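Each remark here refers to the structure printed beneath this line.
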Amino acid sequence: MAEKLENPPQTENSVTPPSQYLPPCAIVLFGATGDLTRRKLIPAFFSLYRQNQLPKQMVILAFARKTKTDDTFRNDLYEALQEFAPDLATDLTGWSAFEQHLFYLQSQLDDPEGYLRLNQQLLEMDKSHQLQGNRLFYLATPPELFIPVIRRIKGAGLSQIPSPGGPWTRIVVEKPFGFDLPSSQELDRELKNVFAEEQIFRIDHYLGKETVQNILALRFANRLFELMWSQQHIDNVQITVAETLGMEGRAAYFDTVGILRDMGQNHALQILSLIAMEPPVNLQADAIRDEKVKVLHSIRPIQVHEVTKYTTRARYTAGRIGDVEVVGYRDEPGVRPNSATETYAALMLSIDNWRWAGVPFYVRVGKRLPKRYTGVSIVLKNIPDVLYARLDCADVESNVLTLRIQPNEGVSLRMSAKEPGPGILIKPVEMDFAYQETFGKPIPDAYQRLLVDAIAGDPSLFARGDEVEAAWRLITPILNNWTASSVGLCEYPAGAWGPPITDKDSQFRTLQWINP
Ligand code: BG6
C-alpha cells in the first residue's frame, strides 16, 4: 500500500495540486534518445527540477534501443541542453544534482525480454528510491512503435489496475494520435486494452500553453466578453497557426502526414473548441472536455462536393523568410520529389448550434509563412448603417478581439475612436494587454505544465479519447477527399500568407484574413 500523501488544499474548482504534493514516481521514457526528449522533455524536466517542482523521490528511466550507459546518456542529454536550452545549461551545479535522477536501460522496443528487465529494474528502484510503485510511462517513440510498446507493457505485467490509495500507473501518449479515424480508433482500442481512460494522457502541447488556458479565463472570468460571444454580435472567427519554419530535419515524418494532420486536427481544433464551447459546469477535466467534445460534434461535416468551396491546400515554393532565401518544399532534404503533401491548409467550418449558427470559423495552419504567429481573431459585426457609419470622414472598421497565443502573448481589442480636433474624424485604435508587461515574468514552456499535471494525475490539459475521435471524424473525410478528388494543390512562395485564391466558389476568395 502506497504511503498516503498529505492532501493538497482542494476546492471543487481547484484544478492542479501544488507541486510539493506531487507523489514519488518512476518516469519511463520510451524512445528517450529521440528529438522530443532532447528538445523538449529534458529542458522541461530540468527547469521544473530547478524550480523545485518535481517530486523529491523520482527517477527518469530511459528505455531505448541505442547502446548507452547511465553516464553516456547523462552526458548526451547535457549536450542537448546546451544546444536547446543554453541558459539552463549554465547551471552546472543544478545539472549535477538533476542527472543523478537519470538512468538508461538498453533494449529493442519490441523485445519482450527487455520489458521483463524493465519490470525488474523498476521493482529495484521502487526500493532504492522509495518510489512507492508509481509509474508514468511516456511514449516518445516514432508513432509506428506506439502499439508494439503498449502490447509489451501489458505482456510484461507492467500495467496496474488503479486502486484507491494504491500505486498508480499512467501513460502519456505523444502526438500524432493516429493517422486518420480508423488508425486512431485502433490505437485507442489498444490503449484501452491495457489502461483505463483515467490512466491515459494524450498530449496536445497547445493545451499546456498559458495563453490557450487563458481562453477559458478570458471567457468565464469576465462578464464583458460572454455578452457578445454568439452569432448575435460576431461576424466570423479566424484561427491562425503559422510558422516560419520549414522542415528542420523532420521531412521524413512531415511528408507522410502534411500540415492538416500535423497542426490542424489537433492544435487548431483544440483552440476552436475552447473558443466555441458552452460554459462548463465546473473547472474539472471532464466538465471542460464534455463541452469541448460537443462543439466538435456540432461542426457540420464537409461533403465531397464542397471541398473546393470550404477548404484550400497548398505547398510552399522557394521564397524568402525575412532576409533569408529558402528552398521550396519539394527541394527540402527528405521530401519525396513527387510529393503531394500540403504545407498550408485553410478550412471554413460551421458550427450548427444555437450560439454559432451562421458564423464561419476560418482556420488556417501553415509552414513557411511570413511570421511565427498563433492567434484567434473574433471579428464583430459592423455597426448599423446609420450615424457614424454614414460619415465619409469616419473610418469605421469592425471591432476585433484578438487573442495572441504566441509570440508576444496578449489580448487586443480594435475599436473606433474620435481623433482629437475639430470635426468628426473616426479612427481604429487598439487597446492592448501584454503578458510580459503586465505579469513581468516569462511564460513557462507548455511541456513543464503538462509533465507536472501528468505526475499529479490531472488530465484537464490532455485530450480525452472521444475528443480525439471527434476531431478525426471531421478531418478524415477532408483528407480522403483531397487525395481522391481533383482539387488541386496550390502553391505559395515561402514568406507569403498562403496561396492566391482564384477559384470562384472558394469561400476564401474574398476573405480578409487578419494578419499580425
Ligand atoms: C508540433 C508539430 O505539434 O507543433 C510541429 O508537429 C510544429 O510541426 C509544432 O512545429 C509547433 O509547436 P509550437 O509550440 O512551437 O508552436
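Just to confirm the number: angle between the C-alpha axis of helix 112-128 and the first principal axis of the chain, 0 to 90 degrees, nearest 10? Compared with the principal axis, the helix lies near 80 degrees. Within the shell of other residues whose beta carbon sits under 12 angstrom from the beta carbon of L102, the net charge comes to -2, with Lys and Arg scored +1 and Asp and Glu -1. Compared with the dominant Cα axis of the chain, that is its longest principal axis, helix 146-155 is turned about 30°.
Kirkwood hydrodynamic radius computed over the chain comes to 24.8 Å, based on all pairs of distinct alpha carbons.
Full extension of the segment from A252 to H233, taken as 0.36 nm per residue of separation minus the current Cα-Cα distance, would add 2.4 nm. Segment V304..A340, full-extension length gain: 11.1 nm, with 0.36 nm per residue of separation and the alpha-carbon distance subtracted.
On full extension, the segment bounded by N282 and W497 gains 73.5 nm, given 0.36 nm per residue less the C-alpha separation. The calculated FRET efficiency for A97 paired with F439, based on their beta-carbon distance and R0 = 30 Å, is about 0.55. The stretch 404-512: which trypsin sites (Lys or Arg not before Pro) are DSSP loop and have at most 15 other beta-carbon atoms within 10 angstrom? Answer by residue number: K504, R509.
If R0 is 56 Å, the Cβ-Cβ spacing of N353 and V324 corresponds to a FRET efficiency of close to 0.80. Helix 70-84 and the longest principal axis of the C-alpha atoms of the chain enclose an angle of approximately 20°. Counting only C-alpha contacts under 8 Å and six or more residues apart, can you give the relative contact order of the stretch 147-263 as a whole percent? Once divided by the residue count of the stretch 147-263, the mean separation gives 23 percent.
Considering only protein heavy atoms and a probe of 1.4 Å, how much of the accessible area of the chain is carbon and sulfur, as a whole percent? Carbon plus sulfur share of accessible area: 52 percent. Listed values for the stretch 272-277 are Karplus-derived 3J(HN,Hα) couplings in whole Hz (6.51 cos²θ - 1.76 cosθ + 1.60, θ = phi - 60°), namely 4, 5, 5, 5, 9, 5, and x replaces Gly and Pro.
Please give me, ordered by residue number, the GluC sites (Glu not before Pro) of the stretch 207-296 that lie in loop per DSSP and have at most 15 other Cβ atoms within 10 Å.
Listed in order of number, the matching sites are E248.
Based on DSSP H segments of at least four residues, each scored -39500 (n - 2.57), the chain has a per-residue ellipticity at 222 nm of -9000 deg cm²/dmol. Note on D466 and W513: their simple-model spin labels are 3.4 nm apart, each label 7 Å out from Cα toward Cβ.
The stretch 336-373 and the stretch 241-302 have Cα centres lying 11 Å from one another. Between F179 and S184, the built amide H atoms are under 5 Å apart, and every one of these is 5 or more places off in sequence or on another chain.
Between D110 and N52, the FRET efficiency estimated from the beta carbon spacing at R0 = 30 angstrom works out to 0.20. Working from label points 7 Å from Cα in the Cα-to-Cβ sense, the S128 to T90 distance is 3.5 nm. Computed from phi, the 3J(HN,Hα) profile of the stretch 95-106 under the Karplus parametrisation 6.51, -1.76, 1.60 (θ = phi - 60°) reads 4, 4, 6, 5, 5, 5, 8, 9, 9, 10, 10, 8 Hz, with x in place of Gly and Pro.
The values are calculated or read from the model by the stated rules, or taken from the named source; none is laboratory data. Note that the structure is predicted; figures quoted are calculated from it, not measured. Note: ideal-geometry Cβ built from the backbone for every residue, glycine included; neighbour counts use all protein chains shown. Ligands, DNA and RNA are excluded from the accessible area calculation, which covers all protein heavy atoms including side chains. Shrake-Rupley method; radii C 1.70, N 1.55, O 1.52, S 1.80 Å.
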